[in-house]
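Have a look at the structure below before the remarks.
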Amino acid sequence: MKSKHRLNRMELREERAAYGFLFISLIGTVTFILVPIIMSMFLGFTTWNPMKGLAGVEFVGLDNFKTMLKDERVLAAVRNNLVYSLSYVPLTISIALVLAALLNKFVFFKVPIRMMTFMPYISSLVSVATVWMVLLYPDKGPINSILSNVFHVANPPQWFISSKWALKGIIMMSVWHDVGYYCIILLANMQGLSAEVYESAAVDGANSIQTFFRITVPMLTSSIFFCITLATINSFKIFDQVNIITEGGPGFSTTVLVQAIYYYAFKEYKIGYAAAVALVLFLIIFAFSTVLQKLEERFTY
């Protein structure tokens, strides 16, 4: 009985120590994450002049959200975010999946090729954006020079200075920058798949394409949905590329929701309105994440 009582006391002491360490982390989480989220949601229903301190907060109900319905910048941002997400996510995950399959089978120089694939992701977005601005320079950029001199394109795209091509250029840059990250995730999961299944498929006469689509992809559905969800969330949080290269222009052709939040909060000091736009962004991301979770539950192998 005494030994059992002593064990219970030791377990209780260890639990208290564990909760003590967790409490320190919990303070930071509540202070820097939970409280700002709650405040942001509250500010979305107010107007606030930060120059007046807390006395400048005025509750306006749904007025901020009604204003959004007529706000050209916000409407363009929602449209651009949807176009960007629906282009960026399928392209990035598809290319990452193909690259992972090739790297999984490729024998020579496997490690250097993996490093080269992952290098763009760990590079600074500022430097990457600068490089792509040079590559896609309208007059003498390498891409347009190749299009003009090699493929004889009479009027090559104007890229970042064209309202038609600016968003497409940012999508291209983002796919190139991020594909290595998702490739490494898929490759790691691909290497953990059972070799016996592939051996059975080979005995049955399946070729490489059949094996990829009927064995590899179904067995990777959980990892693929994880990458799709992560890429979707990141696609709605895009800001750096847009702010560095185009600042939302030309016009509103590359304006996205985070860039609109930044504009209203730090250039026009409409903190309440910016918080309302942030709340809309949260709801969009939450809706997409919920749909993807339901699809994962249905289609995961």
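What follows draws every value from the coordinates through simple rules; no lab data is involved. From a predicted model like this one, the values you see are computed outputs, not experimental measurements. Glycine also receives a Cβ, built like all others from the backbone with ideal geometry; neighbour counts cover every protein chain displayed.
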Subset tally (residues that are of a type in the set (A, V, I, L, M, F, W, C) and buried (at least 23 other Cβ atoms within 10 Å of the Cβ)) for segment 237-256: 2
message: Of the residues T67, T29, only one is in a helix (DSSP H, G or I) and either in contact with a Leu (Cβ under 6 Å, 6 or more places away or on another chain) or free of Cβ contacts under 8 Å to residues at least 12 places away in the same chain (or both); which?
response: T29
query: Which pairs do you get when a residue that is in contact (Cβ under 8 Å) with a residue 40 or more places away in the chain, found in segment 206-217, comes within reach of a residue that is part of a helix (DSSP H, G or I) and surrounded by 12 or more Cβ atoms within 10 Å (Cβ to Cβ), reach meaning Cβ atoms under 7 angstrom, with the pair 6+ apart or on two chains?
result: F212/A101; T216/A101; T216/M190
message: Can you go through N155, N144, N104, N149 and tell me which one is touching a Pro at 6+ places or on another chain (Cβ under 8 Å) and farther than 17 Å from G248 by Cβ?
response: N144
statement: Here the qualifying pairs (Cβ atoms under 6 Å; residues six or more apart or on different chains; first in segment 143-170 and without any contact (Cβ under 8 Å) to a residue 24 or more places away in the chain and within 19 Å of F239 (Cα to Cα); second among the small types (G, A, S) and assigned to a helix (DSSP H, G or I)) come out as W159/G169
message: I need the full set of residues from segment 88-133 which are farther than 22 Å from I228 by Cβ and in contact with a His (Cβ under 6 Å, 6 or more places away or on another chain), in order please.
response: V128
